[in-house]
Amino acid sequence: MCGIAGTFDLGMGRSASRPVLVDMADQLIHRGPDDAGYCIKNEAGFAFRRLSIIDLAHGKQPFHDESGAVVAVCNGEIFNYKELRHDLQARGHQFRTECDVEVLIPLYKEYGPDFVNKLNGQFAFAIFDDARKQLLLARDHVGICPPFYTVVDNILVFGSEIKAILAHPSVKREVNLQ
């Protein structure tokens, strides 16, 4: 099942907080008891809880490109990753694992945000491009694995479950009726 969580400052240039990311990920441990991963890239922070299914030894997330400038976390499964991987290898991309999620970054770099139209699966993912200072938060076409999110204090806070978002100290536990 896995679980993702993260934050992205929308304009103030504030760095993400590792303790906050750990608290958010701790809310998702039931989704991913096998491993945890974290990454902070300036204003973006990612947390990941893993349930090991594909490439048990090497599927640790977050994934990074060769330069470390593009980072991705994903919850779910990319069904057509072998086909996509084959096409990307023909274009010169190299892979370090057999994990389905590893295709996301090369697809993003090759096709930009429109690469989501090439994906078949059930997933929610976040990709941060540090050079462009852009975050792409997406889900599968049907919404089987929706990412939940809110914006508070000019920070986008997201997670696989609402309780991960509620672990962020700026998110109030109250209903906004407007």
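The values are calculated or read from the model by the stated rules, or taken from the named source; none is laboratory data. Because the structure is a prediction, the values reported are computed rather than measured. No Cβ is skipped: glycine too gets one built from the backbone with ideal geometry, and neighbour counts run over all protein chains shown. Keep in mind that these areas ignore ligands, DNA and RNA; they rest on the heavy atoms of the full protein, side chains included. Shrake-Rupley method; radii C 1.70, N 1.55, O 1.52, S 1.80 Å.
Looking at region 163-171, is at least one residue more than 30 Å from Gly13 (Cα to Cα), surrounded by 15 or more Cβ atoms within 10 Å (Cβ to Cβ) and more than 17 Å from the chain's Cα centre (by Cα)? Steps first, answer last, please.
Here is the first cut: in region 163-171, the ones more than 30 Å from Gly13 (Cα to Cα) are none.
Checked against the condition, which is being more than 30 Å from Gly13 (Cα to Cα), surrounded by 15 or more Cβ atoms within 10 Å (Cβ to Cβ) and more than 17 Å from the chain's Cα centre (by Cα), region 163-171 yields no hits at all.
If you go through region 142-155 one residue at a time, do you hit one that is at pLDDT 95 or above and open to solvent by less than 20 Å² (accessible area, probe 1.4 Å)?
no
Which residues, counting only those in region 111-137, are outside any strand (DSSP E or B) and either among the polar types (S, T, N, Q) or open to solvent by 70 Å² or more (accessible area, probe 1.4 Å) (or both)?
Correct list: Tyr111, Pro113, Asp114, Asn117, Lys118, Asn120, Ala131, Arg132, Lys133.
Restricting attention to region 146-167, which residues are part of a loop (DSSP other than H, G, I, E, B) and either among the small types (Gly, Ala, Ser) or in contact with a helix residue (DSSP H, G or I) (Cβ under 6 Å, 6 or more places away or on another chain) (or both)?
Applying the first criterion (part of a loop (DSSP other than H, G, I, E, B)) to region 146-167 yields 146-147, 153-154, 160-161, 167.
Result: Ser160, Ala167.
Which residues, counting only those in region 43-77, are modelled with pLDDT under 90 and open to solvent by 50 Å² or more (accessible area, probe 1.4 Å)?
Passing the criteria: Leu51, Ile53, Leu56, Ala57, His58, Lys60.
Met12 is checked against (1) over 20 Å from Val151 (Cβ atoms); (2) assigned to a loop (DSSP other than H, G, I, E, B); (3) of a type in the set (A, V, I, L, M, F, W, C) and fails just one. What number does that condition carry?
Of (1) over 20 Å from Val151 (Cβ atoms); (2) assigned to a loop (DSSP other than H, G, I, E, B); (3) of a type in the set (A, V, I, L, M, F, W, C), only one is false for Met12: (1).
Within region 97-105, is even one residue within 25 Å of Tyr38 (Cβ to Cβ), surrounded by fewer than 19 Cβ atoms within 10 Å (Cβ to Cβ), touching an Asp or Glu at 6+ places or on another chain (Cβ under 6 Å) and modelled with pLDDT under 95? Give the derivation first.
First, the residues of region 97-105 that are within 25 Å of Tyr38 (Cβ to Cβ): 97-105.
Those left that are additionally surrounded by fewer than 19 Cβ atoms within 10 Å (Cβ to Cβ): 97-98.
Still in the running and touching an Asp or Glu at 6+ places or on another chain (Cβ under 6 Å): 97-98.
Okay, now just the ones that are also modelled with pLDDT under 95, so 97-98.
Yes, some residue in region 97-105 is within 25 Å of Tyr38 (Cβ to Cβ), surrounded by fewer than 19 Cβ atoms within 10 Å (Cβ to Cβ), touching an Asp or Glu at 6+ places or on another chain (Cβ under 6 Å) and modelled with pLDDT under 95.
Need pairs with beta-carbon distance below 6 Å; first residue within 12 Å of Ala47 (Cβ to Cβ) and within region 148-171, second surrounded by 21 or more Cβ atoms within 10 Å (Cβ to Cβ) and of a type in the set (Ser, Thr, Tyr); sequence gap 6+ or separate chains.
Val157/Thr7
Which condition from (1) among the small types (Gly, Ala, Ser); (2) closer than 15 Å to Leu135 by Cβ; (3) at pLDDT below 95 is the one that Ala36 breaks?
Going through (1) among the small types (Gly, Ala, Ser); (2) closer than 15 Å to Leu135 by Cβ; (3) at pLDDT below 95 one by one, Ala36 breaks only (2).
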